[in-house]
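Participant: Mind having a look at this structure? Questions to follow.
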Amino acid sequence: MKTALITGITGQDGSYLAELLLNKGYKVYGIRRRSSQMNYGCSEHLKNDIEFIYADMTDLTSLIHAVEKSRPDEVYNLAAQSFVQTSWEQPILTTEIDGLGVTNLLEAIRLVKPSARFYQASTSEMFGKIQEMPQSEKTPFYPRSPYGVAKLYGHWITINYRESYHMFNCSGILFNHESPRRGLEFVTRKISHTVARIKYKQANELRLGNMDAKRDWGFAGDYVRAMWLMLQQPVPDDYVVATGETHTVREFVDLAFRYVGLNYQDYVIIDPRFLRPARWRY
């Protein structure tokens with residue numbers, strides 16, 4: 001039986017990945033931070049099938065303990081402060097978790113189980129200010145948020161450990177991927193949730209930022225399968241995962257409102273609070 005250790009297991013991707021691995025017969029360990037309440041997040045329905053280990057991405061000692069306890073064949077690092085807007089409000093915290101936290105986990109693996117195959121959740125936000133269309137594994141990075149910058153550090157330290165210590169490290173440069181488990185702070189769920197509330201007279205407006213921003217949206221369940229496939233290859237590498245099709249936030253909003261028989265122009269308000277300090281060029 002293969003064993004996997006997943007950080008960020010209580011989030012959208014972590015729960016879908018845990019389901020996938022359990023269905024493939026893996027023993028799954030999940031890292032979660034200690035808190036006063038037992039919150040399993042998106043993995044609530046799997047809590048009896050996963051063995052949870054208390055650890056923190058900013059605490060090397062706890063990560064060493066987690067690797068020692070799980071002795072994983074595969075490690076999936078999905079832990080992150082993953083909300084771009086929050087990264088402007090908490091840039092140092094974002095850097096500690098999304099950047100230095102990756103180094104902590106890689107060190108724990110190197111010291112305890114260097115043969116483990118490692119997946120790093122990189123992101124299309126590292127491309128930021130677009131240098132070419134379409135983006136590929138060779139496209140230069142130009143991150144435009146503290147989140148993107150921190151993730152870029154995590155991406156490059158993963159490559160450095162692969163080349164320096166001959167570890168089987170892969171990075172998935174994933175574009176946006178959504179599901180019903182997506183948090184309400186993300187624009188897709190913010191839109192769908194608010195449209196439903198407007199339909200049932202529980203809200204009367206939807207406040208958004210840049211309606212012309214373009215995104216490539218896929219399904220999270222497909223993307224976690226791509227993560228698993230990366231670690232089944234004969235040699236480690238880095239991969240871009242996307243649908244290859246972009247749509248504007250405006251298109252998404254229009255579709256959501258039309259689905260419930262409403263005109264988005266009657267309800268949407270552009271709020272400067274939701275405009276990012278550094279905006280993308282398309």
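Participant: Looking at the stretch 226-249, is at least one residue at pLDDT below 95, under 20 Å from the mean Cα position of the chain (by Cα), of a type in the set (Phe, Trp, Tyr) and surrounded by 14 or more Cβ atoms within 10 Å (Cβ to Cβ)?
Facilitator: no
Participant: Quick one: count up the residues across the stretch 257-282 that are in contact with a Leu (Cβ under 9 Å, 6 or more places away or on another chain), at pLDDT 95 or above and part of a loop (DSSP other than H, G, I, E, B).
Facilitator: Total meeting the criteria: 1.
Participant: Something else now. What are the residues in the stretch 102-120 that are of a type in the set (Ser, Thr, Tyr) and not in a helix (DSSP H, G or I), if any?
Facilitator: Once the filter is applied, which keeps residues that are of a type in the set (Ser, Thr, Tyr) and not in a helix (DSSP H, G or I), the stretch 102-120 yields 115, 119.
Participant: Ok, one more. Which one of these is buried (at least 18 other Cβ atoms within 10 Å of the Cβ) and in a helix (DSSP H, G or I): 92, 64, 53?
Facilitator: Going through 92, 64, 53 in turn, the sole match is 64.
Participant: Give the residues of the stretch 1-37 that are in contact (Cβ under 8 Å) with a residue 60 or more places away in the chain, in contact with a Gly (Cβ under 7 Å, 6 or more places away or on another chain) and part of a loop (DSSP other than H, G, I, E, B), sorted by residue number.
Facilitator: Scanning the stretch 1-37 gives 8, 9, 11.
Participant: Looking at residue 99 and the list (1) closer than 25 Å to residue 2 by Cβ; (2) assigned to a helix (DSSP H, G or I); (3) touching a helix residue (DSSP H, G or I) at 6+ places or on another chain (Cβ under 7 Å); (4) not hydrophobic (A, V, I, L, M, F, W, C), which single condition is not satisfied?
Facilitator: Going through (1) closer than 25 Å to residue 2 by Cβ; (2) assigned to a helix (DSSP H, G or I); (3) touching a helix residue (DSSP H, G or I) at 6+ places or on another chain (Cβ under 7 Å); (4) not hydrophobic (A, V, I, L, M, F, W, C) one by one, residue 99 breaks only (1).
Participant: Let me ask something additional. Looking at the stretch 199-256 only, could you name the residues that are closer than 30 Å to residue 160 by Cα, acidic (Asp, Glu) and in a helix (DSSP H, G or I)?
Facilitator: Matches in the stretch 199-256: 222 only.
Participant: Restricting attention to the stretch 168-181, does a residue exist that is touching a Leu at 6+ places or on another chain (Cβ under 9 Å) and in a helix (DSSP H, G or I)?
Facilitator: Taking every residue of the stretch 168-181 in turn, none turns out to be touching a Leu at 6+ places or on another chain (Cβ under 9 Å) and in a helix (DSSP H, G or I).
The values are calculated or read from the model by the stated rules, or taken from the named source; none is laboratory data. The structure presented is a predicted model; accordingly, all values stated were derived computationally and were not measured. FYI the Cβ positions are ideal-geometry reconstructions off the backbone, even for glycines, and counts take in every protein chain you see.
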